[in-house]
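Heads up, the thing below is written out as structure tokens.
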Amino acid sequence: MVQSRWLGTGVKAPSGAAARAFEELQKDEAEDAQSGQEKTFMSPPFEDTELNINHPYYDVARHGIIQLAGDDNSGRKVITFSCCRMPPSHQLNHTRLLEYLKYTLDQYVENDYMVVYFHYGLKSLNKPSLKWLQTAYKEFDRKYKKNLKALYVVHPTNFIKILWNIFKPLISHKFGKKITYLNYLSDLREHLKYDQLNIPQEVIQHDENLRAKQKGKLPPVVKIPPPRPPLPTQQFGVSLQYIKDKSKGELIPPVMKETVSYLKRKGLQVEGLFRRSASVQTIKDVQKLYNQGKSVNFDDYHDIHIPAVILKTFLRELPQPLLTFECYDPILGITSVESSLRVTRCKQIIHGLPEHNYVVLKYLICFLHMVSQESIYNRMTASSLACVFGLNLIWPSKGTASLSALVPLNLFTELLIDFYMNIFNSRTVPGEILP
């Protein structure tokens, strides 16, 4: 008989239905061992090449278990947790893993955020104990749960259902409503920007195997229809140059000009500006109006966060980031520059931008500087705004930015906002306007 490593953890075996679930959990452990999973499990080869060895949680972070994956359809930050990247328990300090998870979430819990949990790959050798799971839930107090808008569990198994029965007495009804189970990766598409996710190859292969098993054959090749040509009035998903050409040569895109103007008049002192999300359907409706060249009156929506989300969405859906792909690596190097020289380095980087990008960036940063000047009311300091806008201004040409890349990306954005006058005062462009 296989001895379950869940026993002796300090968690009392529950009674009744939960006790039966506990017995099922032990059976799963035995089946794992009998199927040879323990023998075949290997530590994931993933290594975060951008991670600095001096990172306070380098021992955990290097595995890439926890990743930032851009924003969802409402502009909320997406954090992923991949079980298949967890090495065997003797190679990973689970207490440190919990501390690293809190360290990561601490950067985003003031904003609305969501978590995607990829369950595939949790095996006998890398499972944390029940006591650890119980401690983890208790550690994540209201500070973490309040702004968590959704927890997506991908590829759930009976094991997950068993855990749910065991921990149900501890989990509030309100938190339980935030959990959604998704059987296939494709189910994620209706909730977030799928292409921004950094999904481990093992999870993708597992998903394909599940689909093949369901249909009894290899999954068919999905034919993606060719993209439709953009409308003449299109604002989202097209280049700055396209918008300029269709807007009689105006340098500042209409959607940016209108959202910034509205927020400047009515939102500068709103607490948590840019931190909150908005109705997905409302955002889609507003985007559609802009793309069709129709007027948008934000007063009609009675929600100051809608123009804020629209502004972030516009930046995020540009084909190329406002700071351009070419600036990504130079920006990553900002942390290696001596502190007293960083502002000068920022100036050098943005002065190399194409003229149009520079003008739009200057317009945006001027406005964000105004927002930061009202931080006594809105609580949005340059650092807070950088956490929100960093990945909306710059991202890599392939894949998504790793968590370790956030430090330089956010630092660069913070410097632009804090030292706006110093950085942007030496270059002017004919026709440029400011908020």
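Once the piece of chain linking Glu271 and Gln234 is laid out straight, how much longer is it, given 0.36 nm per residue of separation minus the C-alpha distance between them?
10.2 nm
So, with +1 on the Cβ of K and R and -1 on the Cβ of D and E, and no other charges, what is the size of the charge dipole of the stretch 227-376 about its Cα centre, to the nearest 20 debye?
140 debye
Treating the beta-carbon of each Lys and Arg as +1 and of each Asp and Glu as -1, no other charges, what is the dipole magnitude of the stretch 362-435 about its Cα centre, to the nearest 20 debye?
It works out to roughly 180 debye.
Just read off the accessible area of Phe419 with the full protein assembly in place, 1.4 Å probe, to the nearest 10 Å².
90 Å²
Could you work out how far the C-alpha centroid of the stretch 378-435 sits from that of the stretch 320-350, in angstrom?
10 Å
Report the calculated FRET efficiency for Ser375 and Asp59 (r = Cβ-Cβ distance, R0 = 45 Å), to the nearest 0.05.
That pair, Ser375 with Asp59, gives E of 0.80.
Farthest toward the dipole's positive end in the stretch 298-425, which of Ser339, Met421, Ile306, given Cβ charges of +1 (Lys, Arg) and -1 (Asp, Glu) about the Cα centre?
Ser339
Per residue, how large is the accessible surface of the stretch 62-127? Use a 1.4 angstrom probe and give square angstrom.
It amounts to 25 Å² per residue over the stretch 62-127.
Cβ neighbours within 10 Å, averaged per peptide: list 376-384, 117-125 in order, most packed at the top.
Final packing ranking: 117-125, 376-384.
Return one whole number: the accessible area per residue of the stretch 308-356 in Å², for a 1.4 Å probe.
I get 41 Å² per residue for this part.
Carbon and sulfur together cover what percent of the accessible area of the stretch 269-333 at a 1.4 Å probe radius?
Roughly 45 percent of what the probe reaches on the stretch 269-333 is carbon or sulfur.
For labels at Ser339 and Asp187 in the simple 7 Å Cα→Cβ model, what's the distance in nm?
A separation of 4.9 nm, rounded to one decimal place.
Can you work out the FRET efficiency for the pair Gln214 and Asp106, with r the C-beta to C-beta distance and R0 = 30 Å, to the nearest 0.05?
Working from the Cβ atoms, E equals 0.15.
The values are calculated or read from the model by the stated rules, or taken from the named source; none is laboratory data. Not measured: the values here are computed from a predicted model. Heads up, the Cβs are rebuilt from the backbone with ideal geometry, glycines too, and the neighbour counts pull from every protein chain shown. Each accessible area value is taken on the protein alone, full model and side chains, heavy atoms only, with ligands, DNA and RNA left out. Shrake-Rupley method; radii C 1.70, N 1.55, O 1.52, S 1.80 Å.
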